[in-house]
């Protein structure tokens, strides 16, 4: 498998991370701290997206039979919980302008939540890594490309999301939460064979 093919696999794998980054960006203010937050999000998403295929490559032949039957359920549950929490926080915390910035919906920067998102959006990469173990793939090159593509698309996602979501914080958080839940539902339906896109 050539670098060109790996690049397109990387873009495909990064799409969920890109969508999740847009959702996080939607509820961010366009302030000086936005770039630092975007970098943290991109580093987390890129790191998990790179590590998962590496794990799949080395452990896939032994553990893929355990992970593959439930990977879609794991992604669905994690994305639904995180998306549901975004919606709940947005609906619950909207009493007007008297709130502090930290209590506004979506404005918190929860690293555990980001790790959950990174795991949920990178589970497919583990399965791809399992398949790499049985193909002629330069795993180091693949991991670097997948990580860098995800990193770049995640930064782009946060910037785009924050640009469009600054004025509509509550609505943006609700929309972002709904999108994350829908990504989880789509992942579940895809793997169950109900939806084929």
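Label positions at residue 163 and residue 35, each projected 7 Å from the Cα along the C-beta direction, are separated by 1.6 nm.
With neighbour counts taken as other beta-carbon atoms within 10 Å, the residues 72, 163 rank, fewest first, as 163, 72.
Here 123, 87 are placed in order of increasing Cβ neighbour count within 10 Å, fewest first, which gives 87, 123.
Computed from the coordinates by the stated procedures, all read-outs in this text should not be read as laboratory data. What you see is a predicted model; the values in this text were computed from it and never measured. Note that we place each Cβ from the backbone using ideal geometry, even for glycine, and neighbour counts take in every protein chain shown.
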